[in-house]
Amino acid sequence: MKLEILLFGIAREIVGSSKLQLEQEEPVDVKSFKQVLQRRYPKMNHLSYYKVAINQEFAEDDQLIKEGDEIALIPPVSGGAF
Amino acid sequence: MKLEILLFGIAREIVGSSKLQLEQEEPVDVKSFKQVLQRRYPKMNHLSYYKVAINQEFAEDDQLIKEGDEIALIPPVSGGAF
Amino acid sequence: MSLIKITDATLNANEIIAQVLRDDLGGIDIFIGTVRNQTKGKKVVRLEYEAYRPMALSEMNKIANQVREKWPQSSIAIHHRIGILNTGEAVVVIAVATPHRQQAFEACKYAIDTLKETVPIWKKEVFDDGEVWVAAHP
Amino acid sequence: MSLIKITDATLNANEIIAQVLRDDLGGIDIFIGTVRNQTKGKKVVRLEYEAYRPMALSEMNKIANQVREKWPQSSIAIHHRIGILNTGEAVVVIAVATPHRQQAFEACKYAIDTLKETVPIWKKEVFDDGEVWVAAHP
């Protein structure tokens, strides 16, 4: 299946694009998806952490990704100041 | 000595005036002053409490009142709502 | 405009916020006390606030100094309205800016809690069938 | 105007306060996060905020619903600015009105603490000599 991934903040800069297409055998869970992604973009390992959202909801590691899902990489949000 | 007393809120309504003059032998402390006042205005006893300020500072019971001091009765301030 | 103020005029939160804004401070907490339309189920028509003005200003200044001492680098403004107010109107606005937000919440809460204990301003609630000086009676 | 909003425009605290005002509510607490002029001693020239807008709005709505559930009768508005901001400007304004003031402080603090954990909005600090996505690196 073809996955479309939305990228924000530092993740967008690492990948160099705000949208990414990945060809992926199904089924894939969030954990495996992140491994594939980090192999392809090793700089993602430099992030302190990042989450994955499926259809605009934070996803757990064992959640399955299905064709047509809106996938987004969520690097650490705005954080500690103020 | 002649004492001029400022009255606010419920104390003003009890006494019926925003300023009160009392002739008083000196020296008098805050505690005795309150007793004199309550004898003269028994309705002051209906207040849950009130404080006395001397020269715009809250005064303790044993503080002495001197001629020329600015005396004020401070009934409970605006209290619990919001 | 003064940081500490007692006024008959409508309070403007934006103006008070602008007074404490400094670009080395990242968090501002603002408390606004408004006139509620009821007390213990009884409908309040309006409120009348009366101040012992010089002492009230002096006590408000003390609170501001305590805040600046307890929360170094903080910036604070306290404006209190007096006179006749209708329900929904702002009675008091306290704004505190600090480097980080937790301090702003703490300092602002300290300021309003202390103000309600020490600042000689009195409130008379006016109902359809009478009026009462708040907290005056046991 | 919506209670929950992400916007490129300057935030106006008075407008946001007016949204939560109800005359059965006596206390309003407002938190404003502003752009600080330095991080760890380094001068910030400006900040750039970027949102995953639909998800950010959804997470902001969740916070508002949680607040209304945890503090019954409360009224809340959350506005977040994105785009390019200069130091001193407001990034986020949260206003919470409740019957009594303690609840307003608690609820407002809960809202900003949760917002900073869950709402997908990112901040890039721009210095004279470079830029950094905040909290992205260990």
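Structure data summary
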read-out: Some residue of region A:41-48 being in contact with a helix residue (DSSP H, G or I) (Cβ under 9 Å, 6 or more places away or on another chain), closer than 30 Å to C:L21 by Cβ, free of Cβ contacts under 8 Å to residues at least 24 places away in the same chain and within 13 Å of chain D (Cβ to nearest Cβ); value: no
read-out: Qualifying residue in region B:18-36 (condition: assigned to a loop (DSSP other than H, G, I, E, B), modelled with pLDDT of 95 or more and either surrounded by fewer than 18 Cβ atoms within 10 Å (Cβ to Cβ) or within 14 Å of chain C (Cβ to nearest Cβ) (or both)); value: yes
read-out: Meets criteria (charged (D, E, K, R) and within 13 Å of another protein chain (Cβ to nearest Cβ)) for B:R12; value: yes
read-out: Filtered residues of region B:32-57 (kept if charged (D, E, K, R) and closer than 22 Å to C:A135 by Cα); value: B:K34, B:K43, B:K51, B:E57
read-out: Subset tally (residues that are charged (D, E, K, R) and either modelled with pLDDT of 95 or more or in contact with a His (Cβ under 7 Å, 6 or more places away or on another chain) (or both)) for region D:20-47; value: 1
read-out: Filter result for C:Y110 (in contact (Cβ under 8 Å) with a residue 24 or more places away in the chain, under 30 Å from B:K43 (Cβ atoms) and hydroxyl-bearing (S, T, Y)); value: no
read-out: Failed criterion for C:E106 (all others in (1) touching a Phe, Trp or Tyr at 6+ places or on another chain (Cβ under 8 Å); (2) surrounded by fewer than 23 Cβ atoms within 10 Å (Cβ to Cβ); (3) over 20 Å from D:G33 (Cα atoms) hold); value: (3)
read-out: Test: C:K116 is without any contact (Cβ under 8 Å) to a residue 12 or more places away in the chain, surrounded by 15 or more Cβ atoms within 10 Å (Cβ to Cβ) and not in a strand (DSSP E or B); value: yes
read-out: Criterion: of a type in the set (S, T, Y) and more than 8 Å from chain A (Cβ to nearest Cβ) - qualifying residue of D:T118, D:T114; value: D:T114
read-out: All positions within region C:31-47 that are among the polar types (S, T, N, Q) and either within 14 Å of chain A (Cβ to nearest Cβ) or part of a strand (DSSP E or B) (or both); value: C:T34, C:Q38, C:T39
read-out: Flag for D:A9 being assigned to a helix (DSSP H, G or I), exposed (fewer than 15 other Cβ atoms within 10 Å of the Cβ) and of a type in the set (A, V, I, L, M, F, W, C); value: no
read-out: Qualifying positions in region D:48-64 - out of contact with any helix residue (DSSP H, G or I) (no Cβ under 6 Å at 6 or more places or on another chain), in a helix (DSSP H, G or I) and under 24 Å from A:L7 (Cβ atoms); value: D:R53, D:P54, D:M55, D:A56, D:L57, D:S58, D:M60, D:N61, D:K62
read-out: Set D:I28, D:I16, D:I76: member being closer than 19 Å to C:A13 by Cα, within 14 Å of chain B (Cβ to nearest Cβ) and outside any loop (DSSP other than H, G, I, E, B); value: D:I28
read-out: Residue in region C:95-103 that is over 30 Å from C:F127 (Cα atoms), away from chain A (no Cβ under 14 Å), crowded, with 20+ Cβ neighbours inside 10 Å and touching a residue at least 12 places away in the same chain (Cβ under 8 Å) present; value: yes
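The values are calculated or read from the model by the stated rules, or taken from the named source; none is laboratory data. The shown structure was predicted, so the numbers you read here are calculated from the model rather than taken from an experiment. For neighbour counting, all protein chains shown are included, and Cβ atoms are generated from backbone atoms with ideal geometry for every residue, glycine included.
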